[in-house]
Amino acid sequence: MTYYTLLLDSMKEVQDLEKTQHHGYALKPQALNTITSFDLEEQRHTDNQNTQKRIFWLTVVLIVVGIVQAGAVAYDTWWKSPDTFTGTIGGQAIDLIQK
């Protein structure tokens, strides 16, 4: 039994098709509603897949932006020499300004 024969027999079973005298099939009006519903569901599925792909790539871009921002903050905090320093040495307050 081929795929198409199985498909046609299943549509006959739900009364979307009727078998004709010459080993063929004839559509019933209900079949058009079934086909339209199937096409609508396929379109929704495709739209959902496209939305999920867009969300995935947006997430990837936001992760990259977050990593770059974290790197910039880390550089500014730990590796860049400060222009000014305010602190204490031995309990005495000091202010150093680099010129």
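The values are calculated or read from the model by the stated rules, or taken from the named source; none is laboratory data. Just so you know, these numbers come straight off a predicted model, no measurement behind them. Please note: Cβ atoms are built from the backbone with ideal geometry, for glycine as well, and neighbour counts cover all protein chains shown.
Observations on the structure shown:
- Odd one out for Pro29, checked against (1) within 30 Å of Leu7 (Cα to Cα); (2) at pLDDT 85 or above: (2)
- For Thr2, the test of being loosely packed, with under 10 Cβ neighbours inside 10 Å, out of contact with any strand residue (DSSP E or B) (no Cβ under 6 Å at 6 or more places or on another chain) and of a type in the set (S, T, N, Q) is passed.
- Members of region 16-40 found to be among the aromatic types (Phe, Trp, Tyr) and touching a strand residue (DSSP E or B) at 6+ places or on another chain (Cβ under 9 Å), listed by number: Tyr25
- A count restricted to region 1-38 and to residues that are without any contact (Cβ under 8 Å) to a residue 12 or more places away in the chain and assigned to a loop (DSSP other than H, G, I, E, B) stands at 7.
- Complete set of residues in region 74-92 that are part of a helix (DSSP H, G or I) and surrounded by fewer than 10 Cβ atoms within 10 Å (Cβ to Cβ): Thr77, Trp78, Trp79
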